1. Residues that are within 22 Å of ARG89 (Cα to Cα), aliphatic (A, V, I, L, M) and open to solvent by 20 Å² or more (accessible area, probe 1.4 Å): does segment 44-66 have at least one?
2. Exactly one of these conditions fails for ALA51: (1) in a helix (DSSP H, G or I); (2) free of Cβ contacts under 8 Å to residues at least 12 places away in the same chain; (3) of a type outside the set (Val, Ile, Thr); (4) touching a strand residue (DSSP E or B) at 6+ places or on another chain (Cβ under 9 Å). Give me its number.
3. Give me the pairs: first residue in segment 67-87 and without any contact (Cβ under 8 Å) to a residue 40 or more places away in the chain, second residue assigned to a loop (DSSP other than H, G, I, E, B), beta-carbon distance under 8 Å, and six or more apart or on different chains, which are they?
4. Just checking, does segment 96-117 include any residue being among the small types (Gly, Ala, Ser) and either under 16 Å from ALA34 (Cβ atoms) or modelled with pLDDT of 95 or more (or both)?
5. Can you tell me which residue among VAL81, VAL122 is within 11 Å of HIS39 (Cα to Cα) and either open to solvent by less than 30 Å² (accessible area, probe 1.4 Å) or within 17 Å of the chain's Cα centre (by Cα) (or both)?
6. Look through segment 86-105, keep the residues that are open to solvent by less than 30 Å² (accessible area, probe 1.4 Å) and not in a loop (DSSP other than H, G, I, E, B), and return whichever of them is farthest from THR132 (Cα to Cα).
7. Does any residue in segment 1-30 that is within 17 Å of ARG75 (Cα to Cα) come within less than 8 Å, Cβ to Cβ, of a residue that is open to solvent by less than 30 Å² (accessible area, probe 1.4 Å) and outside any helix (DSSP H, G or I) six or more places away or on a different chain, and which pairs are these?
8. Please state which of the following conditions GLY129 fails to meet, knowing it meets all the rest: (1) over 17 Å from GLU19 (Cα atoms); (2) under 15 Å from the mean Cα position of the chain (by Cα); (3) touching a residue at least 60 places away in the same chain (Cβ under 8 Å).
Amino acid sequence: MTDIDAQELAGRYIALWNEPDAGLRRKAIEEVWAGDGAHILQPPQEIREVAAGLGFDSTTLEAHGYDEIEVRVVRSYEKFVAPGGFFFRPRGDALRLHDVVKFTWEMVPAGGDEAVGGGLEVLVLGEDGRITADYMFPGL
């Protein structure tokens, strides 16, 4: 596996969620994720409860490959960042153990410093250092 600095990877990962330029955002996605990579999200508790009430056994949300991951990133950008309300930033706690990187991130109001949300990210890396599986646990 290539030499990966966990905090640098966390910074590049979070930066693409804030990227306003669609072309640069797509390029960053392709640089960070493997072509067959997956973004797996554990939705917030209230969404899991509604889904369970509708009879869904699994409430995990998944995006596979560049196109689906890009849709996921764009929708997050459009909801939280583009209106000028928030931006995302990594905390300085990224750690790597073999092919796994974990770190936490925050959602911060534009012009503010106090986090209003955040989560835990667990990334599984391929031999080339790109993400093969991205497990997101928001709400931390």
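1. Scanning segment 44-66, I find no residue that is within 22 Å of ARG89 (Cα to Cα), aliphatic (A, V, I, L, M) and open to solvent by 20 Å² or more (accessible area, probe 1.4 Å), so the answer is no.
2. (4)
3. Close Cβ pairs (under 8 Å, with a partner that is assigned to a loop (DSSP other than H, G, I, E, B)) amount to GLY84/ALA110; GLY85/ALA110; PHE86/ALA110; PHE86/VAL116.
4. Residues of segment 96-117 that are among the small types (Gly, Ala, Ser), as a first pass: 110-112, 115, 117.
With the extra rule that they be either under 16 Å from ALA34 (Cβ atoms) or modelled with pLDDT of 95 or more (or both), the set shrinks to none.
The answer is no; no qualifying residue exists.
5. Working: VAL81 fails: within 11 Å of HIS39 (Cα to Cα).
None of the others qualify; the one that does is VAL122.
6. Out of the qualifying residues, it is PHE88.
7. If the second residue must be open to solvent by less than 30 Å² (accessible area, probe 1.4 Å) and outside any helix (DSSP H, G or I), the pairs left are TYR13/GLU121; TYR13/LEU123; TYR13/ILE131; ILE14/PHE88; ILE14/TRP105; TRP17/PHE88; ASN18/PHE88.
8. Looking at each condition in turn, GLY129 falls short on (2).
The values are calculated or read from the model by the stated rules, or taken from the named source; none is laboratory data. Model, not experiment: these values are computed from the prediction. Methodologically, a virtual Cβ is constructed for each residue, glycine included, from the backbone with ideal geometry; neighbour enumeration extends over all protein chains shown. Note: accessible area is taken over every heavy atom of the protein model, side chains too, but ligands, DNA and RNA are not part of it. Shrake-Rupley method; radii C 1.70, N 1.55, O 1.52, S 1.80 Å.
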